[in-house]
Amino acid sequence: MLFHSTRGKDKDKTFEQVLMQGLAKDGGLYMPNNWPKVDIHKLKDFDNFIDVAKEIVPLFTDSSFHKAEVETLLDDTWHDFDKKDLIDIFEVDDSISILELFHGPTSAFKDFGLQLAAAFFNKTLQMQNKTAVVFGATSGDTGSAAIDACKEFELIKSFILIPEGNMSEIQRKQMTTVNKENVFPILASGTFDDCQDIVKKGFRERTFLRDDQYLLAVNSINWVRIIGQICYYFYASLKMNKLSEPLNFSVPTGNFGNVFACYAASKMGMPLSKIVVAVNSNDILDRFFRNNDYSKLKVNETISPSMDISVASNFERLLYDFYLDCNSDLCSRLYSKFPEESIQINKSIWNKTSDLFISYSSDDASTYKCMQFYHKNFNYIMDPHTAVAADAVKRFKEKLQGNTIILSTAHPAKFPLALENAGILIKNLPKKLTEVLNKSEVAKKLSTTDNSIFEYIKENN
Ligand SMILES: *Cc1c(COP(=O)(O)O)cnc(C)c1O
């Protein structure tokens, strides 16, 4: 399987190139040259996550790694999960279930994608006898999952920018209390967007790298993260009904990575009815799916901070594959004017949206209400991100035929303030989260307005 960019210039790249490069040089996102098909009948006999992953991951990695090699890697990839089988499913009623993806070490679903990324980074670096710098900015869970996934790999040093602002104390402390020689959390002055700008500049200039060193991106545009997420869609469908009936999935989304993984799974043969695209008041995706209007607005701070975005990077993949029939000229034309001009597509093409997608934007008040509703009626405590997806399902119950899975992307204990505001008392805190709160923080404070961040990386690299 080789890969190409949504904007058409980068073609026939190997998995390893795509993995180590992240974003394509032409500014587009990498896509597989075709959708590999999963052998559903074979999968039906499986009963654990790793076996399912062993059928899926090699379909994308065969240009760089032998199947046996990948299978060995997958035996050790996902670690420090509280559940033996990584995920759990909570049955709400006859038609609704919650897929708990937060049992990993950082208590958010991002562990699935980033542990797979780190395992492949490390394998590649070992084979090439090289080292790497991970450099990224985080508005919530990406940074902690990246740090945790990479911290045991000595060939990788992680520098993560933590902006001032709307992150929970636990989210921040998961990054600042790790205390490892190859982990460098940076408390950066400025907003998430300021931090992103610095990261982009770093990737352009690369002044802090030593010779022969990789600079790695961990944001959700890296295809390897999508692969890790495709695995749990297949696995959830297997657990629910042996992949025999199409399901609806309600996905709380920001950068659209998790929704795109669901779409990808369906292209690979997973039965799928509808995808519910659930967003908070940062509603660019909702405006597109309801009104064919993809236009950038300012970011609102919400109680679901990991979905506070102004644009959804992985949306480009859907636009390219689902709407534009893989026409890279059209895709680059639309993106060359964006965000100055909003993206709108031909009405006749846009009309197929409702075949697959339903979207909903839940504001904070409505999200709180949904958390309270689940607590009161089902004695179930959910985090505010999950509640955005649950709220959408509440709203569209009539429209959704068959069974619906709500994706739960974070453990509720990660967001104590939101729970408190909702009047919900959580008793069973995971030990790993209470421990984090009691550790002392070590982080470098630096400014985003000068070169101090680059100098700091150079000194420590
Ligand atoms: C990152 C994140 C999301 C959004 O995921 P995308 O793939 O960017 O759509 C949702 N919930 C939580 C808890 C997250 O950390």
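The values are calculated or read from the model by the stated rules, or taken from the named source; none is laboratory data. These figures come from a predicted structure and were not determined experimentally. Virtual Cβ from ideal backbone geometry, glycine too; neighbours counted across all protein chains shown.
Of all residues in the stretch 89-106 being assigned to a strand (DSSP E or B), touching a residue at least 60 places away in the same chain (Cβ under 8 Å) and of a type outside the set (S, T, N, Q), which is farthest from Gly402 (Cα to Cα)? Walk me through it before giving the result.
Filtering the stretch 89-106 down to residues assigned to a strand (DSSP E or B) leaves 89-91, 96-100.
This time we only want the ones that are touching a residue at least 60 places away in the same chain (Cβ under 8 Å), so: 89-90, 96-100.
Those still in the list that are of a type outside the set (S, T, N, Q) too: 89-90, 96, 98-100.
Working: Ile89: 17, Phe90: 17, Ile96: 9, Ile98: 15, Leu99: 16, Glu100: 20 Å.
Across the stretch 89-106, the extreme among qualifying residues is Glu100.
Please go through the stretch 360-373 and pick out each residue that is part of a helix (DSSP H, G or I) and in contact (Cβ under 8 Å) with a residue 40 or more places away in the chain. Can you show your working first?
Narrowing the stretch 360-373 to residues part of a helix (DSSP H, G or I): 364-373.
Asp364, Thr367, Tyr368, Met371, Gln372, listed by residue number.
Criterion first (surrounded by fewer than 24 Cβ atoms within 10 Å (Cβ to Cβ), free of Cβ contacts under 8 Å to residues at least 40 places away in the same chain and more than 14 Å from the ligand (Cβ to nearest atom)) does Glu169 satisfy it?
Values: surrounded by fewer than 24 Cβ atoms within 10 Å (Cβ to Cβ): yes; free of Cβ contacts under 8 Å to residues at least 40 places away in the same chain: no; more than 14 Å from the ligand (Cβ to nearest atom): yes.
The answer is no for Glu169.
Mind checking whether some residue in the stretch 110-129 is on the phi < 0 side of the Ramachandran plot and assigned to a loop (DSSP other than H, G, I, E, B)?
Of all residues in the stretch 110-129, those on the phi < 0 side of the Ramachandran plot come to 110-128.
After this cut, where a residue has to be assigned to a loop (DSSP other than H, G, I, E, B) as well, the list is none.
Looking for residues that are on the phi < 0 side of the Ramachandran plot and assigned to a loop (DSSP other than H, G, I, E, B), one finds none in the stretch 110-129, hence no.
Does any residue of the stretch 236-254 turn out to be assigned to a strand (DSSP E or B), crowded, with 22+ Cβ neighbours inside 10 Å, more than 12 Å from the ligand (Cβ to nearest atom) and not polar (S, T, N, Q)?
Yes, there is a match, as at least one residue in the stretch 236-254 is assigned to a strand (DSSP E or B), crowded, with 22+ Cβ neighbours inside 10 Å, more than 12 Å from the ligand (Cβ to nearest atom) and not polar (S, T, N, Q).
Can you tell me which residues in the stretch 374-419 are outside any helix (DSSP H, G or I) and within 16 Å of the ligand (Cβ to nearest atom)?
Selection gives Ile381, Met382, Asp383, Ile405, Ile406, Leu407, Ser408, Thr409, Ala410, His411, Phe415.
Looking only at the stretch 402-423, how many residues end up being crowded, with 24+ Cβ neighbours inside 10 Å and at pLDDT below 95?
Number of matching residues: 2.
Listed here are the residues, each with its yes/no results for (1) touching a Phe, Trp or Tyr at 6+ places or on another chain (Cβ under 7 Å); (2) in a helix (DSSP H, G or I).
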position	(1), (2)
Met20	yes, yes
Lys25	no, no
Lys37	no, no
Asp47	no, no
Ile50	no, yes
Ala53	no, yes
Ile56	yes, yes
Asp75	no, yes
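Kindly indicate the residue of the stretch 303-321 that is farther than 19 Å from Lys337 by Cβ, of a type in the set (S, T, N, Q) and out of contact with any Pro (no Cβ under 8 Å at 6 or more places or on another chain) and also nearest to the ligand (Cβ to nearest atom) among those meeting that condition.
The selected residue is Ser306.
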